[in-house]
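Worksheet: one structure, shown below.
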Amino acid sequence: MSSVTSAHSVVEPSLTSKRIAGAIVILYALITLIPLVWIFLTSIKSPPDSISYPPKIVFTPTLEGYCNLLTTRTRQTPEYIASLPMPTGTCDEVTRKRNMVIAGPSNFLPRFANSLVIAFGSTFLAVFLGTLAAYGFSRFRVPLADDLLFFILSTRMMPPIAVAIPIYLMYRELGLSDTALGMILLYTAVNVSLAVWLLKGFIDEIPREYEEAAMIDGYTRLQAFWKVVLPQATTGIAATAIFCLIFAWNEYAFAALLTSGEAQTAPPFIPTIIGEGGQDWPAVAAGTTIFLIPILVFTILLRKQLLRGITFGAVRK
């Protein structure tokens, strides 16, 4: 009896092991945060400070990078600038110090809005279609199910450059080039494979008995899916939505190839920000910092569901 008890006993890690593990996690977190902190610090540097060598750790913060990101400017003579009324805002004041005036807004905010519409729109469609397909594969006898699932997954293995030219030619013929609809459909098609595979694993873990009991009580299959399966799969849906959104939000290759104006997203636009004399690194860093905020907020809001979704496989009937 003692041997059986000892075999099933759980050995608690020692205090020293916990401290070492905690130190490793904290060190890893700090290392991963270094690039993000550096990008933010670059965004509040002046252009000369951003390219100084050795890099400046101590500097005078300025919002010039954000002003350059959000506005277009023209150089004027000191006499003309002196004849202007008092600056009406921070950007106006910062710009005049460099003998320039604000000519109008830049294209960053429209490109940022395009990213929001395309990324969240494609994520919604991918998760919606992926949930339906995953439920079908999980609950019904689908002929050649394994082959179909592998085919769906294989579309994710293909490098973008392999299909870039055919998709470009097809979109040009269909009139979908440089349109938000075209990008939403493309990102949805790419993300559906990931959504199906992730959500099928979550739905497989939900006991069938829940649905059977609901249908015995008079629910239809659709009602059982809506009122029983979906609430149980919320954590999996949230985790899948985060992964799909990250891909659609960060995607560069297709966005650079298929958009150039009306539907251009932020990733291909940010590297093209040019200042006087070359790349405007503070403005690029400012754009990157702003670009990180939505995905960061979305992940924080769904962090509980994400953690539950990652450990959902431990649930047993």
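The values are calculated or read from the model by the stated rules, or taken from the named source; none is laboratory data. Here the structure is a predicted model, which is why all the values come from computation and not from measurement. Methodologically, a virtual Cβ is constructed for each residue, glycine included, from the backbone with ideal geometry; neighbour enumeration extends over all protein chains shown. These accessible areas exclude ligands, DNA and RNA; they are computed on the full protein's heavy atoms, side chains included. Shrake-Rupley method; radii C 1.70, N 1.55, O 1.52, S 1.80 Å.
Can you list residues whose amide H is under 5 Å from R73's amide H, if they're 5+ apart or on another chain and H is modeled 1.01 Å from N?
Result for R73 returns A103.
Between 0 and 90 degrees, rounded to the nearest ten: what's the tilt of helix 180-204 against the longest Cα principal axis of the chain?
With rounding to tens, the tilt is 30 degrees.
Using unit Cβ charges (K, R positive; D, E negative) and no other charged atoms, how large, in debye to the nearest 20, is the dipole of region 31-104 about its Cα centre?
120
Determine, from the Cβ-Cβ distance of D217 and V142 and an R0 of 25 Å, the FRET efficiency 1/(1 + (r/R0)^6), rounded to the nearest 0.05.
After rounding to 0.05, the efficiency reads 0.40.
Magnitude of the Cβ-charge dipole of the chain, K/R +1 and D/E -1, about the Cα centre, nearest 20 debye?
580
For the residue pair T155 and L84, what label-to-label distance in nm results when each label sits 7 Å from Cα along the Cα-to-beta-carbon direction?
Rounded to a tenth, the inter-label distance reads 5.2 nm.
Expressed as a rounded percentage, what relative contact order does the chain have, with Cα pairs under 8 Å and six or more residues apart?
In percent, rounded to a whole number, it is 26.
Taking amide H positions as placed 1.01 Å from N in the peptide plane, with prolines and chain starts having none, which residues 5 or more places from M100, or on another chain, fall under 5 Å of its amide H?
Amide H neighbours of M100, under 5 Å, 5+ apart: Q76.
Just to confirm the number: angle between the C-alpha axis of helix 15-43 and the first principal axis of the chain, 0 to 90 degrees, nearest 10?
40
Helix-only mean residue ellipticity at 222 nm, the chain, DSSP H runs n ≥ 4 weighted -39,500 (n - 2.57), per residue, nearest 500. What is it?
Calculated at 222 nm, the ellipticity per residue is -21000 deg cm²/dmol.
Out of region 34-83, which trypsin sites (Lys or Arg not before Pro) are coil in DSSP terms and have no more than 12 other C-beta atoms within 10 Å?
For trypsin sites (Lys or Arg not before Pro) across region 34-83 that sit outside H, G, I, E and B with at most 12 neighbouring Cβ atoms in 10 Å, the list is empty.
Could you tell me which chymotrypsin sites (Phe, Trp or Tyr not before Pro) in region 92-188 are loop residues by DSSP with no more than 13 other beta carbons within 10 angstrom of their beta carbon?
Here the sparse-neighbourhood loop sites are F140.
If you find the alpha carbon centre of region 223-247 and of region 47-115, how far apart are they in angstrom?
Distance between centres, Cα-based: 44 Å.
For T72 and S260, what is the calculated FRET efficiency with R₀ set at 22 Å and r taken between the beta-carbons, to the nearest 0.05?
0.75
Quick one: the Cα spread of the chain along its three principal axes, in angstroms, biggest first?
Principal-axis extents of the chain (Cα, largest first): 90, 63, 38 Å.
Residue-wise, which Karplus ³J(HN,Hα) couplings in Hz belong to region 165-173, taking 6.51 cos²θ - 1.76 cosθ + 1.60, θ = phi - 60°, and x for glycine or proline?
So the Karplus estimates, Gly and Pro as x, are 5, x, 5, 4, 5, 5, 5, 5, 5 Hz.
Of T62, P47, S106, which is farthest towards the positive pole of region 35-106's charge dipole, taken about the Cα centre with +1 and -1 on the beta-carbons of Lys, Arg and Asp, Glu respectively?
So the residue we want is P47.
Run down the lysines and flag those whose C-alpha is under 22 Å from the C-alpha of K200, throwing out any fewer than 8 positions away in its chain.
Straight-distance partners of K200: K227, K304, K317.
What accessible area per residue comes out for the chain, rounded to a whole number of Å², with a 1.4 Å probe?
Normalised by residue count, the accessible surface of the chain is 60 Å².
³J(HN,Hα) across region 228-235 via Karplus (A = 6.51, B = -1.76, C = 1.60, θ = phi - 60°), whole Hz, x for Gly/Pro?
Calculated HN-Hα couplings, in order: 10, 6, 4, x, 6, 9, 4, 4 Hz.
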